1. Quick one: would you say ILE107 is crowded, with 20+ Cβ neighbours inside 10 Å, of a type in the set (A, V, I, L, M, F, W, C) and closer than 30 Å to LEU189 by Cα?
2. Which condition number in (1) part of a helix (DSSP H, G or I); (2) surrounded by fewer than 18 Cβ atoms within 10 Å (Cβ to Cβ); (3) touching a helix residue (DSSP H, G or I) at 6+ places or on another chain (Cβ under 9 Å) is the one that THR238 fails?
3. Using the structure shown, decide if LEU60 is over 30 Å from LEU189 (Cα atoms), in contact with a Phe, Trp or Tyr (Cβ under 8 Å, 6 or more places away or on another chain) and surrounded by 15 or more Cβ atoms within 10 Å (Cβ to Cβ).
4. Report yes if GLU113 is over 26 Å from the mean Cα position of the chain (by Cα), closer than 19 Å to ARG37 by Cα and of a type outside the set (Val, Ile, Thr), otherwise no.
5. Scan region 359-373 and tell me whether some residue there is of a type outside the set (Ser, Thr, Tyr), crowded, with 20+ Cβ neighbours inside 10 Å and over 18 Å from TYR282 (Cα atoms).
6. Where in region 285-381 are there helices (runs of 4 or more DSSP H), lying wholly inside it, with at least 3 residues that are over 26 Å from VAL269 (Cβ atoms) and not assigned by TED's automatic domain parsing to the domain that holds PHE268?
7. Which residues, counting only those in region 182-198, are assigned to a helix (DSSP H, G or I) and closer than 13 Å to ASP210 by Cβ?
8. Restricting to region 68-100, count the residues that are in a helix (DSSP H, G or I) and surrounded by 13 or more Cβ atoms within 10 Å (Cβ to Cβ).
Amino acid sequence: MALTFPEMKLAVNIVLNSGNVPAIVGDAGIGKSALVREVAADRGAQLFTTVVSLSEKGDLAIPVPPLTDAAFIDTQRYGRLADVAYGYSHTLIEIIEAAERHPDQPIIWFLDEFNRGTQAVQSELMNLVLQRQINTLKLPDQVQLILAENPDASMTGFEQTAYGVTPGDAAINDRTVRLVLTADSTSWLTWAGDHINGLVKEYLEQTPGDLMPTDHDEDLYPTPRAWERVSDILNQTTELTVAEQETVLPDLITGNLGVTVGQAFYGFVHTRQPGLTVKQFYTQPESVVLATLKTLSPSSQQHVLELALTDPVWPLTQDQTAARFLFGLQQLPLDGQYAVALKLAEQPDELEILNQAANDQPSVAKLYQRLTEIGSQGLEA
């Protein structure tokens, strides 16, 4: 059995509320860290993270030699003894300091990539999981632990995985609650919300299996984390020219998603990218905009106008903006003009706002008149 993102959040909270330690198992890039961040935020907890794969034995409890005479004990018959103290990792010190400053605030200590640490490191950390104590240091009551692991071949259902992990021993497995996270496109797209590029969302709505395909290239392949990087890249390339996009985007996309899905997604992007950004549409010389529009298909031209229609930075109630939008609108075939006018009509009171602004702005008045004509022609058709 495996849990989707929202199901996993519910399960992790139940385990924490019961006083136990959840161990989230999932492929790299599937969203384990993002999930823990959301759990911490929902609980109002301060989050601390230790990447166990980067830890070494002794990081939590390294013997520290005495620093003052008071740390030595002189005996009558057995010589001078040193009362050795222990040093602790900086994260653990920060956790203790945070607990003292805010004794009523929950704290979550996230042990990420737990089974990619060595057996010695895992054993050292498990003293905290099992005993909540290491040497003389005790974890504050408000501290709760969450583990995250990659699958290994000893786990049921993951017999074919090949992560470089160190399987935990029976004591570790017996003291944690193993929960398996699965990639679910519906949940991921809901989580993605407005901060994921629209082209990524549209593509994954059409091909949900490409979020994290079971059959994929050997080296690079899509994960939810990879799709998030692709979204960020698309947001950064919106101001590039068409030629610049065609030069770099194929490699940027396949460098995240692998060749198979990367090429498929680039083909999708290539057909959907307007070839002209909203900023370029409104700021470049009219001759340049016209030349670019002529290189685009009617559907891409319409897409440019629809984007320009809804961008709040360029309101159509401004005379200069209205003039440029009318110019672009007139380049479309009549059915494209009607589709754009219909898009505007879907926005509450937008035509009435334009009508009011038309009183003292001639270009806004011309745009309003043209939209009214288009609407009448559409109704007659």
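The values are calculated or read from the model by the stated rules, or taken from the named source; none is laboratory data. Remember, predicted model here, so these are calculated numbers, not experimental data. Here the Cβ positions follow ideal geometry from the backbone for every residue, glycine too, while neighbour counts run over all protein chains shown.
1. In short, yes.
2. Every condition holds for THR238 apart from (1).
3. Values: over 30 Å from LEU189 (Cα atoms): yes; in contact with a Phe, Trp or Tyr (Cβ under 8 Å, 6 or more places away or on another chain): yes; surrounded by 15 or more Cβ atoms within 10 Å (Cβ to Cβ): yes.
Considered against the rule, which asks whether it is over 30 Å from LEU189 (Cα atoms), in contact with a Phe, Trp or Tyr (Cβ under 8 Å, 6 or more places away or on another chain) and surrounded by 15 or more Cβ atoms within 10 Å (Cβ to Cβ), LEU60 comes out as yes.
4. No, not satisfied.
5. Looking through region 359-373, at least one residue is of a type outside the set (Ser, Thr, Tyr), crowded, with 20+ Cβ neighbours inside 10 Å and over 18 Å from TYR282 (Cα atoms).
6. On the way: elements: 286-294, 298-310, 319-329, 334-345, 350-357, 362-380.
The helices (runs of 4 or more DSSP H) meeting that bar are 319-329, 334-345, 350-357, 362-380.
7. Within region 182-198, the first condition is being assigned to a helix (DSSP H, G or I), and the residues that meet it are 185-195, 198.
Once the filter is applied, which keeps residues that are assigned to a helix (DSSP H, G or I) and closer than 13 Å to ASP210 by Cβ, region 182-198 yields SER185, TRP188, LEU189.
8. Going residue by residue through region 68-100, those that are in a helix (DSSP H, G or I) are 69-71, 90-100.
Applying the additional criterion that residues be surrounded by 13 or more Cβ atoms within 10 Å (Cβ to Cβ) yields 71, 91-92, 94-96, 98-99.
Looking only at that region, the number is 8.
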